[in-house]
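The values are calculated or read from the model by the stated rules, or taken from the named source; none is laboratory data. A quick note: this is a predicted structure, and the numbers were derived from the prediction, not measured. Cβ: placed from backbone, ideal geometry, glycine included. Neighbour counts: every protein chain shown.
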Amino acid sequence: MANNGKTMRKQSVDERASSFDRPLLISVFMLLGIGLVMVASAGVAYGNLRFEDGAFFFKRQLFGVAVGLVALFVFQRIQYQFWRKVAIPMFFGAIGLLILVLIPGIGTSAYGAARWIQLGPIPPFQPSEVMKLALVVYFSAWFSGKDLLRKTDFFEGVVPFLLMLGIIAFLVMKQPDTGTLGILFVIALAMFFSAGARLSHIGLLFGAGLVGLGVLILLAPYRMKRLLVFLDPDHDPSGAGYQIRQALIALGSGGFLGVGLGHSRQKFLYLPEPMTDSIFAVLGEELGFVGCAVVIALFLFFAYRGFRIAQKAPDEFGRLLAVGIVSWIVFQAFINIFAITGLMPLTGVPLPFISYGGTSLAAILGAIGILLNISKRPKIG
């Protein structure tokens, strides 16, 4: 009887270890489905204008989804502890990619920013998206390897943390990409807080971040214009305020139920970047308040399931890894939504799962695979 009890307990543990968080995966698939539909709709005009193919962006997004789903499938089968072993080479590999993007002939530029790498027949990709995942893995390994006393000490905790962030910030701002830097900073801060850092240190870092942002705004006139537009939406309506003005027109036109899928007017060369940064505005115009509410609810549900996985993770590394992945996706989603609805200055970051962008999809879906693997091994008891 005792042996039978042990066998049953072992089977129970094995069953729990073999199943992943299906509700979280369902929410991801729903967001991906909405994203494919919206890219197909939002990219029609620009695809016809530039490539004489209204489905150009949809077809490339399908390829990005396929690559991302392969990464998700593979990563969810890899024991998450593996990422602790490769954290350092992964992080410094991402640093190397950020350096390569600045080298003429390797890095490619668009709209005055050098953010992509082109290597032979491989489609261009963004190293900053790779850095988001690498940063989460590296800080998870680093923080979980320190005892609480060292993490709460200013010179052993805060100073090394700032040093690593400073290196990343320098390389990202050479592109330049303020929005991505902000997301990386928020992810790192959320992980440092979750690891047990002192509130006074978090407050100090947050204050330093605000000061740094203020300096960046003063150094670049276009950032100052974006801030002025945020403070006064009627400022420079044909210049710096054009995108947010068109986005708000799109959202207002959608009303409660929207004008209908595929019937957006603003996507026809009125709204800049309709399939990337501004896709939430097109979604709001075509699907209305209801469509926006569904997307926001899905991200909130994803956050709930993701932080639940973190809470039940069997060890500190898994917990921090889950916190970092969920913070990355959820913070980026709401930064995009807040910016396009005028609740914060425009940042130029994509909406996870929904905006057009293969590198972003591949990195995020790979991270979801890691998160699902952590959910297979919940803390017992």
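Annotations for the structure displayed:
- Checked against the criterion of being crowded, with 20+ Cβ neighbours inside 10 Å and part of a helix (DSSP H, G or I), the candidates Ala197, Ala208, Ala188 yield just one match: Ala188.
- Cβ separations smaller than 8 Å between residues 6+ apart or across chains give the following pairs from segment 62-78 residues that are at negative phi and buried (at least 17 other Cβ atoms within 10 Å of the Cβ) to residues that are polar (S, T, N, Q) and modelled with pLDDT of 95 or more: Phe75/Asn373; Gln76/Asn373.
- Residue check, Phe289 assigned to a helix (DSSP H, G or I) and closer than 18 Å to Lys132 by Cβ: no
- When Val44, Val28 are screened for being surrounded by 12 or more Cβ atoms within 10 Å (Cβ to Cβ), at pLDDT below 95 and not acidic (Asp, Glu), only Val44 passes.
- Boolean, Ile217 is surrounded by fewer than 16 Cβ atoms within 10 Å (Cβ to Cβ), free of Cβ contacts under 8 Å to residues at least 24 places away in the same chain and either of a type in the set (Phe, Trp, Tyr) or in contact with a helix residue (DSSP H, G or I) (Cβ under 9 Å, 6 or more places away or on another chain) (or both): no
- Among the candidates Ala293, Ala250, Ala303, the residue that is farther than 30 Å from Gln79 by Cβ and surrounded by fewer than 20 Cβ atoms within 10 Å (Cβ to Cβ) is uniquely Ala293.
- Per the listing Phe63, Phe82, Phe57, the residue uniquely among the aromatic types (Phe, Trp, Tyr) and at pLDDT 95 or above is Phe82.
- Residue match in segment 337-359 (condition: at negative phi, touching a Leu at 6+ places or on another chain (Cβ under 6 Å) and not in a loop (DSSP other than H, G, I, E, B)): yes
- Comparison of Tyr80, Tyr46 shows that the only residue that is assigned to a loop (DSSP other than H, G, I, E, B), out of contact with any Asp or Glu (no Cβ under 7 Å at 6 or more places or on another chain) and of a type in the set (Ser, Thr, Tyr) is Tyr80.
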